[in-house]
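What follows is a short report on a single structure.
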């Protein structure tokens, strides 16, 4: 563990940690925009983002997911390091970093396993589920830690709280639609009704997460944390 910590300390001495957050934002946004640009048949407000990965421009979305989440791992580790404070509970801080790594790896695998065969579809769904649940934990914990650390202003904390609320609340329609899809006799029509809002909600969550990386990276850079 000491060797791993030393590796990251040496890395962040060479490359400022906020750079990885900016790269996560840039690669994630670029992948989404290129995928949309080269997928004219994809209907953004009617189809899930996973379907974008199957369109002609889907390769850009998949690469964006993989590369941006790789950079996200480094940024989240750095953010966890600079949040270390006497007012911060070490268990929660380490849990936040751990959930960040878990979520980012899940995001990488979600992008990597995108296709039309039954096995790939199943794996994509499992990794996407892990990504969504991990993200809810990740952004909630970091919002809590930011609020506890005096180096971070109320404004940046409020942004994080708002974004964590979007991510957590997305799980409600997500689980409703999946439950109703599995148990059609119980609530299939209700699930279809809820699904109407899902693509818009999902894109809102994606852009909110990108804003999270951008806002925190810029704040750290400006404050030289």
Can you tell me which of (1) more than 16 Å from residue 202 (Cβ to Cβ); (2) at pLDDT below 95 is the one residue 125 doesn't meet? (1)
Here is a check on your reading of the model: is residue 209 over 21 Å from the mean Cα position of the chain (by Cα), within 25 Å of residue 100 (Cβ to Cβ) and at pLDDT 90 or above? no
Test of understanding: among 79, 45, 95, 63, which residue is surrounded by fewer than 18 Cβ atoms within 10 Å (Cβ to Cβ), in contact with a helix residue (DSSP H, G or I) (Cβ under 7 Å, 6 or more places away or on another chain) and within 18 Å of residue 5 (Cβ to Cβ)? 95
Taking the stretch 199-225 and keeping only residues that are more than 17 Å from residue 145 (Cβ to Cβ) and touching a helix residue (DSSP H, G or I) at 6+ places or on another chain (Cβ under 6 Å), one is left with 201, 202, 205, 208, 210, 214, 221
Out of the residues in the stretch 25-42 that are surrounded by fewer than 18 Cβ atoms within 10 Å (Cβ to Cβ) and either touching a strand residue (DSSP E or B) at 6+ places or on another chain (Cβ under 9 Å) or over 22 Å from residue 211 (Cβ atoms) (or both), which is modelled with the highest pLDDT? 38
Among the helices (runs of 4 or more DSSP H) confined wholly to the stretch 1-67, which include 1 or more residues that are within 22 Å of residue 174 (Cα to Cα)? 17-37, 49-52
Can you spot a residue in the stretch 56-69 that is closer than 25 Å to residue 224 by Cβ and modelled with pLDDT of 95 or more? yes
Can you tell me which residues in the stretch 80-106 are within 15 Å of the chain's Cα centre (by Cα) and in contact (Cβ under 8 Å) with a residue 24 or more places away in the chain? 96, 99, 100, 101, 102, 103, 104, 105, 106
Could you pull out every one of the helices (runs of 4 or more DSSP H) wholly within the stretch 122-225 that has 1 or more residues that are without any contact (Cβ under 8 Å) to a residue 12 or more places away in the chain and buried (at least 18 other Cβ atoms within 10 Å of the Cβ)? none
Test residue 109 against the criterion of being free of Cβ contacts under 8 Å to residues at least 24 places away in the same chain, farther than 24 Å from residue 188 by Cα and surrounded by 17 or more Cβ atoms within 10 Å (Cβ to Cβ), and give yes or no. yes
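The rows are residues; the columns are (1) within 16 Å of the chain's Cα centre (by Cα); (2) over 25 Å from residue 218 (Cβ atoms).
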{"residue": "145", "(1), (2)": "no, no"}
{"residue": "158", "(1), (2)": "no, no"}
{"residue": "163", "(1), (2)": "yes, no"}
{"residue": "177", "(1), (2)": "no, yes"}
{"residue": "197", "(1), (2)": "no, yes"}
Looking at the stretch 82-92, which of the residues that are surrounded by fewer than 16 Cβ atoms within 10 Å (Cβ to Cβ) and under 17 Å from residue 225 (Cβ atoms) is modelled with the lowest pLDDT? 86
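The values are calculated or read from the model by the stated rules, or taken from the named source; none is laboratory data. Model, not experiment: these values are computed from the prediction. Positions of Cβ are backbone-derived with ideal geometry, glycine not excepted, and every protein chain shown enters the neighbour counts.
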